[in-house]
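The values are calculated or read from the model by the stated rules, or taken from the named source; none is laboratory data. This structure is a prediction, so every number in the text was calculated from the model and none was measured. Reconstructed Cβ throughout: ideal geometry from the backbone, glycine too, with neighbour counts over all protein chains shown.
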Amino acid sequence: MMSVLRSGGRIFIILLLNGILENSLLCAEVKEGEILPPTIHKLMKGYNKYLRPFFDNGPVTVAMSLDIASIDTISEINMDYTATIFLRQRWTDERLIFEGNKSLSLDGRLVELLWVPDTFIVDSKKSFLHDITVENRLIRIFPNGTVLYALRITTTVACNMDLTKYPMDKQTCTLQLESWGYNINDVMFCWTRGNESVSGLDTLRLAQYTIEDHYTSASEAIYETGHYPKLIFHFELKRSILYFILETYVPSSLLVVLSWVSFWISQSSVPARICIGVTTVLTMTTLMMGARTSLPNANCFIKAIDVYLGICFSFIFGALIEYAVAHFCTLNHPNSNIVMYAHQMGGFDEEMNGMVTTIAAENNRAKRRKEKAAASLAATAELELGPSSPNSSEPMPEPPEENPNSCLTVLDLLRKVTRKAANCCHVENPHLIDNYSRMTFPLSFIFINLLYWTYYLYL
């Protein structure tokens, strides 16, 4: 016998020890007389947990139900949610039929002696079974052989979200249950009571969401290894927008209104208007950066809140540009009240005329100096060559004449171009720009808001 064990390998020894431990555990439970009655003990003697019920008579049907204890967190950054659920599974095992009219609740640790479905949660990132003070399992056997197996699980499940309409979005998440090793020829999944198989959602209170609808469905998961049963629980989440209205929409709208205050400030108050414009732009930039901290950094869609913040930023920046345009038109207006600027422009013209006169005088003096120098060079050459020189009869080349008015022409052309450019931006009364802006900016902002909220709330 020992030689057979030595040569037969370790598998037989492991199986033998496993059987001895199971029988010892079973006998210990029966001796206590608290969990397994003698009738069940007799049935368990020939029970093989490695074989599913109805092994030779078709698939075994497993009915499931869920009780949602809590949905703790819903993360847009990680695209997932964390929930604590009670998973209940029911199936019939003909090997556990006994006489009587009462069900037996067994210790959860005896699940190691029974066959149980290999159910798992699809798209689960992290899950664990609660074990305080013992493992949260429940085993209940009914006289007709029906087994009730309940678990308390906390799981983090992936949920693909479409944040195009964030924060006015609705997300549909799922909780999918599949069989890991048994295909549809071995195990069939079904919901115990259809849509009523899921309970606990009516009492849930979420921070940013409300559960609008939920329903169940059954399908098959197709893989390379075969077709497997699948149960799907769908639930629709609607985001509560009140928080975002108070946190983002109202402050950004007030910043836009604050930028309009500059339209009622005199155009001569340059520091006041520039201070309002720059302050609102910087504050709006900070608000836009803070609104994106709770969202994925890399995404391929523009969210509704990004559109609104972009609209507000455009209006604030437009108010700053409006003052720059109005101030420029005021400076170039011929009837401007800014006397200082008129004096500066007059002094500039006089300076330009003086520069032109000086340049012309310098050119004339330079021309006269060159003529005198040329005459003196010619006289010297005649004295050196003499009358017999063959080159004495050739005339001396005259220096090229320069146009004394060339610089003056360029400056006049530059002045004309500058005046034409200024005339293109000429406004009859620059002070009316602020008056028009007082009506145009608010009406445009209200109109765009109507389009924005209509599109994202009802379309």
Hey, does the range 398-408 have a residue that's modelled with pLDDT under 70, under 30 Å from residue 317 (Cβ atoms) and not aromatic (Phe, Trp, Tyr)? no
Pairing a residue in the range 446-459 that is in contact (Cβ under 8 Å) with a residue 40 or more places away in the chain with any residue that is surrounded by 13 or more Cβ atoms within 10 Å (Cβ to Cβ) and of a type in the set (Phe, Trp, Tyr), where Cβ atoms lie under 8 Å and the two sit 6 or more apart in sequence or on different chains, gives 452/308
Of the listed residues (243, 215), the one being surrounded by fewer than 19 Cβ atoms within 10 Å (Cβ to Cβ), touching a residue at least 12 places away in the same chain (Cβ under 8 Å), at negative phi and out of contact with any His (no Cβ under 7 Å at 6 or more places or on another chain) is 243
Residues in the range 268-298 that are modelled with pLDDT of 85 or more and either touching a His at 6+ places or on another chain (Cβ under 8 Å) or part of a helix (DSSP H, G or I) (or both) total 21
All conditions in (1) assigned by TED's automatic domain parsing to the domain that holds residue 50; (2) under 30 Å from the mean Cα position of the chain (by Cα); (3) modelled with pLDDT under 95; (4) not in a loop (DSSP other than H, G, I, E, B) are true of residue 195 except (2)
Exercise. Inspect the range 76-97 for any residue being over 24 Å from residue 203 (Cα atoms) and among the small types (Gly, Ala, Ser) and give the result as yes or no.
Key: no
Filtering the range 138-193 for residues that are of a type in the set (S, T, N, Q) and without any contact (Cβ under 8 Å) to a residue 60 or more places away in the chain leaves a count of 4
> Do we find a residue being modelled with pLDDT under 85, among the charged types (D, E, K, R), assigned to a helix (DSSP H, G or I) and closer than 30 Å to residue 197 by Cβ anywhere in the range 101-112?
Replying inline: yes
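For (1) in a strand (DSSP E or B); (2) more than 30 Å from residue 57 (Cα to Cα), each residue gets a yes or a no:
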residue	(1), (2)
185	no, no
188	yes, no
205	no, yes
218	yes, no
222	yes, no
229	yes, no
238	yes, yes
Those residues of the range 96-137 which are among the small types (Gly, Ala, Ser) and touching a residue at least 40 places away in the same chain (Cβ under 8 Å) amount to 100, 103
When every residue in the range 220-254 that is closer than 22 Å to residue 162 by Cβ and among the polar types (S, T, N, Q) is compared, the one farthest from the chain's Cα centre (by Cα) is 240
Taking the range 132-164 and keeping residues more than 37 Å from the chain's Cα centre (by Cα) and either among the charged types (D, E, K, R) or in a strand (DSSP E or B) (or both) leaves 135, 137, 138, 139, 140, 141, 146, 147, 148, 149, 150
Looking across the range 115-131 at residues that are in a loop (DSSP other than H, G, I, E, B) and within 25 Å of the chain's Cα centre (by Cα), the single one that is farthest from residue 104 (Cα to Cα) is 123
Residue 208 fails exactly one of (1) free of Cβ contacts under 8 Å to residues at least 60 places away in the same chain; (2) surrounded by 14 or more Cβ atoms within 10 Å (Cβ to Cβ); (3) not aromatic (Phe, Trp, Tyr), namely (1)
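Right, residue 54: in contact with a strand residue (DSSP E or B) (Cβ under 6 Å, 6 or more places away or on another chain), assigned to a strand (DSSP E or B), surrounded by 15 or more Cβ atoms within 10 Å (Cβ to Cβ) and among the hydrophobic types (A, V, I, L, M, F, W, C) or not?
no
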